[in-house]
Amino acid sequence: MEIVQSIVLGLIQGITEFLPVSSTAHLFLIPWLFSWQDQGLPFTVALHVGSLFAILYCFREELVLIIRDFFCGLRSFSFEGRQDGRTGVYLIVATLPAVATGFLFERYASGVLRDPVPVAAFLLGFGALLYISDRKTTASKTLRDMNLVDALFFGVAQAFAILPGASRAGVTITGGLFRNYRREEAARFSFLLAIPVIVAAGVFEVRHLGYAEMFRWSFALGVATSFLSALFAIRFLLGYVRTRSFTLFVVYRAVLSVVIIAVYLWA
């Protein structure tokens, strides 16, 4: 059973982490439906490591350019003409609100708000915001048009991802759409923004762990399946939104919120 759980939860984490449907809601719902025992914080960290590896792999060439240009800009005390370097600056700026919010409110958000009703409410509410932003956007801007105000808008939006059911990908993409970024560009920056956030969250969580907990054999399955499914999710979404809207994901969120409430009331 532990093998099945590791594979299923790894698949769910990898796919839902990068689609605007909330990984937290799914990782909450599936074990609850099947009465699976919580595998604990170490396993959660392992799943996020798999997702992190997937982003690093998918954007490896882009990340090399960003990092190199960023440090060149630091050495010259100027980012004039350094588009990739400025992207690095904007990623840092957009990360700060989420780090501050997580540090201040993580315990509360991971406690009382992880009940079925709040999760369903956040799924539905932030899904509605995604729909509104998707309809409102002019979809005219690319990452080359980004400025500090846009980066802060992405960052403040991402801070709401601490609410279970909101979806980190969902709220950051919503923020980008409200700032009139193209759907693919909003998704791309959302993926890049996941890197420092997942690293920061992992460091925050790992400090609670014992060394032995991090090397259970079942973790390898979780990491591998999370990695592979995340690769699929990233490539799927970037291709999907080139020609389509986010309506499918909005409908899915609404249906999932109803299912969660129905199961909760039935149970």
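The values are calculated or read from the model by the stated rules, or taken from the named source; none is laboratory data. Computed from a predicted model, the values in this text were never measured in an experiment. Methodologically, a virtual Cβ is constructed for each residue, glycine included, from the backbone with ideal geometry; neighbour enumeration extends over all protein chains shown.
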* To do: Kindly check whether there is at least one residue in segment 27-46 that is of a type in the set (S, T, N, Q) and crowded, with 17+ Cβ neighbours inside 10 Å.
  => yes
* Structure fact -> In segment 137-157, anything assigned to a helix (DSSP H, G or I) and in contact with a Leu (Cβ under 7 Å, 6 or more places away or on another chain) is listed as F154, G155
* Structure fact -> If we keep only residues of segment 216-243 that are in contact (Cβ under 8 Å) with a residue 24 or more places away in the chain and not in a helix (DSSP H, G or I), then the residue farthest from L19 (Cα to Cα) is R216
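For the condition touching a Ser or Thr at 6+ places or on another chain (Cβ under 6 Å) and surrounded by 19 or more Cβ atoms within 10 Å (Cβ to Cβ), what is the one hit in L91, L123?
Only one candidate qualifies: L123.
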* Asked: Given the residues F232, F178, which is the only one that is modelled with pLDDT of 95 or more and closer than 22 Å to T138 by Cβ?
  -> F178
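Quick one: which helices (runs of 4 or more DSSP H) lie wholly within segment 1-101 and hold at least 3 residues that are closer than 26 Å to G175 by Cα, touching a residue at least 24 places away in the same chain (Cβ under 8 Å) and touching an Asp or Glu at 6+ places or on another chain (Cβ under 9 Å)?
The qualifying helices (runs of 4 or more DSSP H) are 40-58.
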* Would you check which residues across segment 114-127 are more than 18 Å from the chain's Cα centre (by Cα) and either assigned to a helix (DSSP H, G or I) or at pLDDT 90 or above (or both) and list them? => P116, V117, P118, A121
* To do: Out of the residues in segment 9-53 that are within 19 Å of A224 (Cα to Cα) and among the small types (G, A, S), state the one that is modelled with the lowest pLDDT.
  => G40
